[in-house]
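See below for the structure under consideration.
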Amino acid sequence: NSSAQTKEKPFYVTTPIFYVNAAPHIGHLYCTVLADVVKRWQQINGREAYLCTGTDEHGMKIQRAAAKEGMEPKAFCDVNSEKFRSLTHDADISNDFFIRTTDADHKDAVAQFWLQLKHAQLGLYKGTHEGWYCVSDECFYPADLVRPSIVPQTGKKIMVSVESDNEVEWVKEETWFFPLTKYKDALLKFYDENPDWVKPANRMQEVRDWVENHLEDLSVTRPVSRLNWGVSDPEDPSQTIYVWVDALINYITKTGYGSKWRSPTEDMGIWPADLHIIGKDILRFHAIYWPALLLALGLPPAKGILCHNHWTMSNRKMSKSLGNVVNPVFALQRWDVDPLRYFLMRNGNFSKDMSYSNDIISAIYGKELQANIGNLFYRIAKPKSAAGWSTEKAVDASNSGAFKELDTIKGKEEYAQFFSLESVLARAPDAFSNEMKDYNTSGAIREVYELLRETNRFITDTQPWVLAKQTQPLSPVLLNWTIHRSAEALRIAAILLQPMMPGKMKRLLDEMGVQPTRRTVAYAKPEADDAYGTANETKSNHDRANKHLTLFPPMAS
Ligand code: ME8
């Protein structure tokens, strides 16, 4: 049938795969939560979606880290990879795949990709390579991008990368080369045809500048004498494949490359990815090397790259090498999963570095989660016997056309406050979606925050608890109207915030009696759902007020 034929390819989003030389930190968690939010956003927009994350386990950096611990590399990787895997679980990440580059299917995919690359028309060639190699960044730097430095503790003179400040060492060796310079025109053409390929735009410009001015052929193996922890060239076992080539291929492994497909004439499953989410530190690998490698095989690159900035502690990039890291496991325990996810998505951005601080999280928790969402939830979902209203009755009143009675007072100055929520209620859902189109979670959250703040203000102004006791003819309908508009705002906000706070928003929507099938973005507009309400009257008021209605409990400081 034709609908099956035209069925949209599922959305496929990826995170970088993380080095296992040390335990995860907040930066890794941020990127993974962002990818999860993107995936869940697609899902509540009705699209099938997949998320791949995992760990990068080969290469010199890991080989040395394992040796330092006196461990076999694989055993070392097992221990550290597990920390990343359990973090995805603890942070409620809905990843479909957790890839390890030591997985058999991945090593097989790398070997096949390698052979295709070697025998491609503009394929690999062998030569002598010399240059400055940085083990910490796992890449060579051109001579104009290194500088002398001194190790403060020892006074030792070393050379470091200008970009990352990490130590570089001079190496000269026989390796295979990828003729990257021959792909210059193809890359520039690709960027021309896809001007928004890398977001934000200044990052696209950086990539372009690099391709125009700094392109060099890429040394893509290391002699096995120097590096044996990796995938070796099946035809030339004296060479181990460069860890970055190995790592980038992860994005196609789980789509079935090597096992189900090898060329674009076959069904590539969920490839090409719709979005690679990466930090600015690894832009060049993703925006230059990776598309060039795929172009060499005639395969399509991902449809887009989202490049985020870094979390800092005391103004320095949080990094495993520097040791100034926040342990995400402790942070999750301290703040709980959803509040931490909310904070990361609220303060994450693509234009400047972001500072991590418990004081900031604490302030946001109090002001936005407890006093705004939590308070509105408490006000709206109060049991009717205590408050004199119910959302169920309010929804019924809306369905029965009772609000038509209010037509007579619309536009009258003394009733203005009753209609003061309408404009923001109408605007917020689209505004949220627009921000999410650019993956701007921070802007999206701001829209919902504004909606809920206005709704709390609306309730304070209209005083439903007073209306509930009044006996004027319009009082009952005004009461239902006030509760209905407030409940709509809360229901819509909860639907939209599901990707950021899946657990808390599920509870909120459950308590409001919103049916599970009515939690998609299509329902996130006023009057889109005509059958919900806090019908749950069986629990004692005390119980509900003190326990069940506290969405964001007080934090121990
Ligand atoms: O580069 N703030 O792995 P990696 C925000 N294995 N995000 C941060 C961050 C910070 N301070 N520090 C790290 C590698 N990240 C390679 C990737 S992909 C085929 C191979 C995040 O463990 C950010 O997304 O160093 C960054 O790009 C990534 O972790 C690098 O993780």
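Values computed for the structure shown
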{"quantity": "Equivalent-ellipsoid semi-axes of the range 272-389, from the Cα gyration tensor, Å, largest first", "calculated": "39, 22, 11"}
{"quantity": "Accessible area per residue, Å², the chain with all protein chains present, probe 1.4 Å", "calculated": "42 Å²"}
{"quantity": "Pairs beyond 31 Å (Cα-Cα), from K118/K157; K83/K254; K189/K254; K118/K254", "calculated": "K118/K157"}
{"quantity": "Cβ-based net charge around A331, under 15 Å, with every Lys or Arg adding one and every Asp or Glu removing one", "calculated": "-1"}
{"quantity": "Fraction of beta bridges assigned by DSSP in the chain that are antiparallel (%, nearest 5)", "calculated": "55 percent"}
{"quantity": "Alpha carbon Rg of the range 475-521, scaled by the compact-globule rule 2.2 N^0.38 Å", "calculated": "1.25"}
{"quantity": "Neighbour count of at most 16 Cβ within 10 Å plus DSSP loop: longest trypsin sites (Lys or Arg not before Pro)-free window in the chain", "calculated": "48-155"}
{"quantity": "Percent of Cα pairs exceeding the 18 Å cut-off, where the set is the range 423-539", "calculated": "54 percent"}
{"quantity": "Crossing angle, helix 337-347 versus the chain [Cα axis fit, 0-90 degrees, rounded to tens]", "calculated": "80 degrees"}
{"quantity": "For the range 88-166, convex hull volume per residue from C-alpha positions, Å³", "calculated": "212 Å³"}
{"quantity": "Cα-based reach from K352 at 18 Å (exclusive), listing aspartates and glutamates while leaving out same-chain residues under 8 positions away", "calculated": "E163, E206, D281, E435, D438"}
{"quantity": "Fraction of beta bridges assigned by DSSP in the range 1-145 that are antiparallel (%, nearest 5)", "calculated": "20 percent"}
{"quantity": "Nearest-20 debye value, the range 1-145 charge dipole, Cβ charges on Lys, Arg, Asp, Glu", "calculated": "280 debye"}
{"quantity": "Calculated P(r) tail over 18 Å for the range 191-240, as whole % of Cα pairs", "calculated": "54 percent"}
{"quantity": "Long-range tail of P(r) for the range 337-386 (Cα pairs > 13 Å, %)", "calculated": "64 percent"}
{"quantity": "Over the range 108-265: Kirkwood hydrodynamic radius from C-alpha pairwise inverse distances, Å", "calculated": "17.7 Å"}
{"quantity": "Protein accessible area in the range 308-347, 1.4 Å probe - carbon and sulfur %", "calculated": "50 percent"}
{"quantity": "Cβ charges +1 (Lys, Arg) and -1 (Asp, Glu), total dipole of the range 369-517, debye", "calculated": "400 debye"}
{"quantity": "Local net charge near F11, Cβ-Cβ under 12 Å (Lys/Arg +1, Asp/Glu -1)", "calculated": "+1"}
{"quantity": "Overall dimensions of the range 334-460 by Cα: Rg and Dmax, Å", "calculated": "18.0, 53"}
{"quantity": "Anchor K184: aspartates and glutamates whose Cα lies under 13 Å away (excluding residues fewer than 8 positions away in-chain)", "calculated": "D192, D209, E212, E216, D217"}
{"quantity": "Convex hull volume per residue in cubic angstrom - Cα atoms of the chain", "calculated": "186 Å³"}
{"quantity": "Extent along principal axes [Cα atoms of the range 2-141; Å; largest to smallest]", "calculated": "54, 43, 29"}
{"quantity": "With every protein chain in place, the range 149-274: carbon and sulfur % of accessible area (1.4 Å)", "calculated": "50 percent"}
{"quantity": "Ellipticity estimate at 222 nm from DSSP helix runs (n ≥ 4, -39,500 (n - 2.57)) divided over the chain, nearest 500", "calculated": "-12000 deg cm²/dmol"}
{"quantity": "Exceeding the 28 Å Cα-Cα cut-off - candidates K9/K199; K404/K504; K172/K303", "calculated": "K404/K504; K172/K303"}
{"quantity": "The range 178-266 - Debye-derived log10 I(q)/I(0), Cα point model, q = 0.19, 0.23, 0.24 Å⁻¹", "calculated": "-1.10, -1.14, -1.14"}
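The values are calculated or read from the model by the stated rules, or taken from the named source; none is laboratory data. This one's a predicted model, so the numbers in the text were calculated from it and none came from an experiment. So basically every Cβ, Gly included, is an ideal-geometry build from the backbone, and we count neighbours across all protein chains shown. Surface areas here come from the heavy atoms of the whole protein model, side chains and all, with no ligands, DNA or RNA. Shrake-Rupley method; radii C 1.70, N 1.55, O 1.52, S 1.80 Å.
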